[in-house]
Amino acid sequence: MSNLLGPELLANIGKQAEPKTEVVTRRDIRKYAIATGQTLRRYLDGDEAPPLYHVALFWDVVERHELTPDGVSVDKLLPKFPLEKAMAGGLQITYHAKIRPGDVLTAHRTLTDIYEKSGRSGPLIFYEIVMEVQREDGTPVITEKTTRILR
Amino acid sequence: MNTPATAQVGDLLPARDHKCDNIQLFFYNAVLWNAHRIHFDLPYAREVEGYPGLVIAGPLMGDWLAQVVDQWIEGTRASLVQIEYSNRQAAYVGEVLTAGGEVTAVADGLIQVALFVKNEAGDVITPGSATIRVE
């Protein structure tokens, strides 16, 4: 197996992003519900957020100069990896409480793992980011683990 | 139709076809603030990235999986505890994609379901699973 991950790269495991706080509005829930083709009235009316709404709520709002030419915003939590072509990605989301309009939510993101595996067509780099979403009083709302594969 | 209260292994969750058009994909990426060109710039998607069409955003298909669960548990005393999915293969504007699921385990007040988004060729492009708690 090749060894793409040196100690400097692996030292990024445990790195935390600056916490982000966002206010949940009925308007934004409604937009999300319409955009995703929801059918349940409480989502379309914005009374409650659909299960993946937090993906939109905590997507980085970046300025134009922060975008790459293909329109992507680079996650500042990530180091520069020796492989850059993104393959599959996945999410695992655990629910602790519902999200409703007026909630003030804070997301804490941590780069929790970086590892390498050999794939059929060469080495692959995996990384994992855990995002903990909580209310102002610290009540947990969502735990989300993102896994991405680079080749 | 089967319900969470009487769930048995092999029960199918109601499936739904999605045909994501340019407007839905635009709305979705707008609510995210996602400017990735492969989702709205057809010449770029084709000529620079080599895709056959505009690429449907991965987490949008993840949302469809959550909707399969939501439809099934609506009006019951069941709730979604955990969901996971992975985007394995791309899909494009204009394709008919089917989201559905099947009960794989029932024990201790928890139901496990396998979830999928399939394309017209029958390939599972976004597999997933969920844990549902029944009161």
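What follows draws every value from the coordinates through simple rules; no lab data is involved. Just so we're clear, the structure is a prediction, and the values are computed from it rather than from any experiment. Note that we place each Cβ from the backbone using ideal geometry, even for glycine, and neighbour counts take in every protein chain shown.
Treating the Cα atoms of the stretch A:7-150 as identical point scatterers in vacuum, please give the log10 of the normalised Debye intensity I(q)/I(0) at q = 0.18 Å⁻¹, two decimals.
With no solvent term, the Cα-only Debye profile gives -1.13.
Suppose every K and R has +1 on its Cβ and every D and E has -1 on its Cβ; what is the size of the dipole of chain B about the Cα centre, in Debye to the nearest 20?
80 debye
How much length would be gained if the chain were fully extended between A:Thr106 and A:Glu8, taking 0.36 nm per residue of separation minus their Cα-Cα distance, in nm to one decimal?
32.3 nm
May I have the extent of the alpha carbons of chain B along their three principal axes, as whole Å values ordered from largest to smallest?
Sorted largest first, the three principal extents are 52, 30, 21 Å.
Modelled label-to-label distance, B:Thr6 and A:Glu84, 7 Å Cα→beta-carbon offset: nm?
With each label placed 7 Å out from Cα toward Cβ, I get 5.8 nm.
Please report the net charge: other residues with Cβ closer than 14 Å to the Cβ of A:Gln92, K and R +1, D and E -1.
-3
When the Cα centres of the stretch A:64-107 and the stretch B:1-32 are compared, how far apart do they sit, in Å?
For the stretch A:64-107 versus the stretch B:1-32, the Cα centre distance is 23 Å.
How large is the convex hull of the C-alpha atoms of the protein assembly as shown per residue, in Å³?
It is 152 Å³ per residue.
Evaluate the relative contact order of the stretch A:7-150 (contact order divided by residue number), counting alpha-carbon pairs under 8 angstrom at least 6 apart; express in whole percent.
About 29 percent, as a whole number.
Please tell me the relative contact order of chain B in percent, rounded to the nearest whole number, where contacts are Cα pairs under 8 Å and at least six residues apart.
31 percent
Could you name the lysines in cross-link range of A:Lys20, using Cα to Cα under 22 Å and dropping any fewer than eight places away on the same chain?
Reachable lysines: A:Lys31, A:Lys76, A:Lys98, A:Lys145.
Residue by residue through B:37-45, how many Cβ atoms from other chains fall within 10 Å of the Cβ on average?
2
Lys and Arg at +1, Asp and Glu at -1: add these up for the other residues within a Cβ distance under 11 Å of A:Ala35 and post the number.
Around A:Ala35, the surrounding residues sum to 0.
Please report the spacing between the Cα centers of the stretch A:16-56 and the stretch B:45-94 in Å, no decimals.
16 Å
Size of the dipole of the protein assembly as shown about the Cα centre, Lys and Arg at +1 and Asp and Glu at -1 on the beta carbon, nothing else charged, in debye to 20?
100 debye
Per 0.36 nm of contour for each residue apart, how much would the distance between A:Lys145 and A:Arg42 grow if the chain were fully extended, relative to their Cα-Cα spacing?
Here the segment from A:Lys145 to A:Arg42 would lengthen by 34.4 nm.
Taking the Cβ of B:Gly100 as the center, what net charge do the other residues with Cβ under 9 Å away carry, scoring Lys and Arg +1 and Asp and Glu -1?
Cβ neighbours under 9 Å give a net charge of +1.
With springs only between Cα atoms under 10 Å apart, run a GNM on chain B and tell me which of B:Phe27, B:Phe116, B:Phe40 wobbles the most.
Result: B:Phe27 has the largest fluctuation of those listed.
Can you list the GluC sites (Glu not before Pro) in the stretch A:42-88 that are in a DSSP coil and have 10 or fewer other beta carbons within 10 angstrom?
Filter output for the stretch A:42-88: A:Glu63, A:Glu84.
Place a +1 charge on the Cβ of each Lys and Arg in chain A and a -1 charge on the Cβ of each Asp and Glu, then give the dipole magnitude about the Cα centre in debye, rounded to the nearest 20.
440 debye
Specify the angular offset, from 0 to 90 degrees and rounded to the nearest 10, of the alpha carbon long axis of helix A:26-35 from the longest principal axis of the alpha carbons in chain A.
60 degrees
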